[in-house]
Each structure stands twice: as structure tokens, then as C-alpha cells.
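K.L.:
There's a structure below that I have some questions on.
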Amino acid sequence: MNQQGTDASGTCTSISLGRGLELKSPVLLASGTVSYGEELSTLCDLSGLGGIVTKAISVEPRAGNPPRRIAETPSGMINAIGLANVGLDRFISDKMPFLRTLGTAVIVNIAGRSIDDYCEVVSRLDGEEGIDAYEINLSCPNVKGECMIMGVSSEATSEIVTKLRGITGRHLMIKLTPNVTSIGTIARAAEEAGADSLSLINTVVGMAVNWKTRRPLLKNVTGGLSGPAIKPIALAKVWEVYNSVNIPLVGMGGIAGFEDAMEFLLVGAKAVQIGTMNFVYPDIGVKVAAALHEYFSAPGAPSLGQYCGSLAIS
């Protein structure tokens with residue numbers, strides 16, 4: 001199937017993902033890699049992006065998993081942060097004032113221990129100005145139980161999206177896990193329940209060990225693998241979901257530059273998120289956004305809308 005959605009008014013790389021989510025560029029920065037944007041803003045101009053996705057917010061503050069909780073792996077990294085965050089009250093009082101000054105879209109990532117938790121966060125945030133969309137994290141692989149349980153069940157996915165849709169008129173972006181038998185089935189459940197877009201993929205469950213000490217590198221033992229190592233998996237999942245639903249997709253997983261972003265757009269994403277590479281090159285998102293603008297504004301280039309999902313398979 002082909003995703004619907006028209007280009008937003010503005011530059012050749014502006015895009016609309018529907019229900020009020022207008023992006024000046026198809027490049028977003030992924031949750032968990034830019035905190036709440038303030039530190040990164042001292043290193044690059046975030047207004048040149050389509051937007052940022054905040055670190056996950058839960059009702060109560062979370063310390064996350066005990067260290068060691070990050071380790072480098074070949075062509076990537078593995079983490080078991082465990083959704084550490086400041087909690088809803090401090091997010092509203094301490095983080096939202098800065099986020100309102102960004103000059104680009106603000107998408108708040110939301111996590112919870114139960115459906116009621118998700119509903120409470122969305123209900124509280126719905127009265128706050130400066131939020132363009134919610135990314136509902138149903139797919140964190142390094143927190144035992146909780147959101148991962150919901151993200152691998154089409155029934156649970158449908159239930160939570162239905163309840164959130166009844167609470168908010170804002171854009172709902174549902175973040176999908178690759179750690180399922182059929183990601184297309186989960187995607188369709190989210191679409192039918194009222195999701196406006198889907199973001200994928202979250203990290204892949206992985207493990208790293210030290211053979212000399214005979215111990216895992218992470219205290220949590222397993223964690224979420226991200227970075228260039230997972231790009232082929234991510235591209236395959238985006239292509240599968242593109243052919244399963246009619247709502248816009250935001251692709252992520254191993255994007256390290258302009259060409260990677262073009263690959264995700266080609267297989268069906270209308271926008272992309274850059275994650276792990278933010279730790280290596282803090283201005284990578286701004287550079288990719290500029291490169292996309294240069295490409296699509298060149299004489300004879302296709303429009304962004306024409307290019308997205310134009311993969312030729314015969």
C-alpha cells in the first residue's frame with residue numbers, strides 16, 4: 001500500500017505527516033539520543049531540523065537500569081538505559097520552557113508501566129503548549145515487561161492507541177519494535193485504532209560479552225542494539241510496513257548520513273529519525289537535512305513526495 005499525505009507548504013523538503021504535524025524537513029532526531037535538546041542546541045542550530053523527539057517521559061521519575069548500561073559493538077552500540085527520565089512534573093516545569101523556543105517541531109516520546117500511565121501522561125501534556133505530536137513508545141527492549149509487552153501484541157497495541165485517541169486530538173506516532181514475528185500485523189492494529197503515523201524501528205534485542213571475564217558487558221545482560229549494524233533490518237521492516245498500511249512512516253535504524261536517509265525514503269518512509277550517530281557527530285541531523293534540501297532542490301530532481309516509496313522491484 002502507499003502512504004498518503006501531502007507536502008506541507010514551504011521548502012522542497014517540507015512535509016506533512018497529518019493531524020497538524022508539519023515538518024520543515026523530513027529529518028528528526030530520535031528519542032534517547034538528544035535528551036531534551038538543550039545541550040545539543042549549544043553545538044548546532046536545531047531549527048534547521050524537521051524536529052526533535054524528546055527522551056521518554058513517564059509519570060514518575062526513573063533512575064533506569066544500574067550501570068554498566070552502554071557498550072560499543074561492531075558498527076553500533078548496545079544500551080540498557082531503562083527509560084531513565086525526570087518524570088512528568090519536572091518535564092513540564094523544567095524542560096518544556098526551552099522546548100517551546102526551538103523553532104522546530106517538538107515530539108514528546110511517552111513510556112509507561114501500564115496503559116493508565118500512558119493515558120495520564122498524554123492527558124496532562126495535552127494542556128501544554130509547544131507540543132506538536134506524541135511518539136508512543138510501545139517497544140523498548142531493555143525494560144523488563146512494561147511497554148515491550150504492549151508492543152508485541154496487536155490486541156494490546158489496539159487497546160492503548162484507541163484509549164489515547166479518545167484523550168487527545170494531537171498527532172499520535174506509534175513506535176514499533178522489530179522484535180516480533182509480524183511487524184505488519186502490529187502496524188495494521190495501530191492504524192485501525194487511530195494512529196496518525198508509525199515510527200520504526202526501535203532497537204534490536206542484542207547481547208555483548210567479555211569472553212575473558214566470562215561476563216556480559218551490560219549489567220542488564222541484554223540490551224537494545226542500534227547504529228549502522230541494524231540498517232538492513234530496519235530497511236526491510238519499513239518496506240514491509242509500507243506495504244501493509246496507509247499512514248505515513250518515519251524510518252530509523254542505522255542512519256549515518258545523507259545516503260542512508262535516502263534509502264529509508266526510497267523504501268517508503270516520509271521522514272527519518274537519526275539516533276546513535278548523534279553521539280558521534282552532534283550536528284549530523286542538520287547536515288543531513290541540508291543535504292536533502294540540496295538534492296531535492298536541484299534542477300531535474302524528483303519532488304520529495306514523488307521519491308518517497310518509489311523503490312523499483314521489477
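The values are calculated or read from the model by the stated rules, or taken from the named source; none is laboratory data. The shown structure was predicted, so the numbers you read here are calculated from the model rather than taken from an experiment. A quick note on method: Cβ atoms are made from the backbone with ideal geometry, for glycine too, and the neighbour counts reach across all protein chains shown.
K.L.:
Filter the range 244-284 down to the residues that are farther than 14 Å from Ala234 by Cα and either part of a loop (DSSP other than H, G, I, E, B) or charged (D, E, K, R) (or both) and list them by number.
P.N.:
Of everything in the range 244-284, those that are farther than 14 Å from Ala234 by Cα and either part of a loop (DSSP other than H, G, I, E, B) or charged (D, E, K, R) (or both) turn out to be Ser244, Val245, Asn246, Ile247, Pro248, Gly257, Glu259, Lys270, Val280, Tyr281, Pro282, Asp283.
K.L.:
Just checking, which of Lys95, Lys175 is at pLDDT 95 or above, charged (D, E, K, R), buried (at least 16 other Cβ atoms within 10 Å of the Cβ) and touching an Asp or Glu at 6+ places or on another chain (Cβ under 6 Å)?
P.N.:
Lys175
K.L.:
The conditions are (1) modelled with pLDDT under 95; (2) farther than 27 Å from Ile255 by Cα; (3) not in a helix (DSSP H, G or I), and Glu60 fails exactly one of them. Which is it?
P.N.:
If we test Glu60 against (1) modelled with pLDDT under 95; (2) farther than 27 Å from Ile255 by Cα; (3) not in a helix (DSSP H, G or I), just (1) comes out false.
K.L.:
Where the second residue is in a loop (DSSP other than H, G, I, E, B) and exposed (fewer than 11 other Cβ atoms within 10 Å of the Cβ) and the first is free of Cβ contacts under 8 Å to residues at least 60 places away in the same chain and of a type in the set (S, T, N, Q) and lies in the range 291-312, which pairs have Cβ atoms under 7 Å and are six or more apart or on separate chains?
P.N.:
Sorted first by the residue in the range 291-312, then by its partner, the list stays empty.
K.L.:
In addition: Which pairs have Cβ atoms under 9 Å, sit 6 or more apart or on different chains, and link a residue in the range 82-106 that is in contact (Cβ under 8 Å) with a residue 24 or more places away in the chain to one that is among the polar types (S, T, N, Q) and part of a strand (DSSP E or B)?
P.N.:
What qualifies is Leu83/Asn137; Phe91/Asn85.
K.L.:
Additional query: In the range 243-268, how many residues are touching a residue at least 40 places away in the same chain (Cβ under 8 Å) and either closer than 27 Å to Gly82 by Cα or under 16 Å from the mean Cα position of the chain (by Cα) (or both)?
P.N.:
Selection size over the range 243-268: 11.
K.L.:
Something else: Within the range 153-161, is even one residue more than 30 Å from Lys24 (Cβ to Cβ), part of a loop (DSSP other than H, G, I, E, B), modelled with pLDDT under 95 and not aromatic (Phe, Trp, Tyr)?
P.N.:
The answer is yes, given that some residue of the range 153-161 is more than 30 Å from Lys24 (Cβ to Cβ), part of a loop (DSSP other than H, G, I, E, B), modelled with pLDDT under 95 and not aromatic (Phe, Trp, Tyr).
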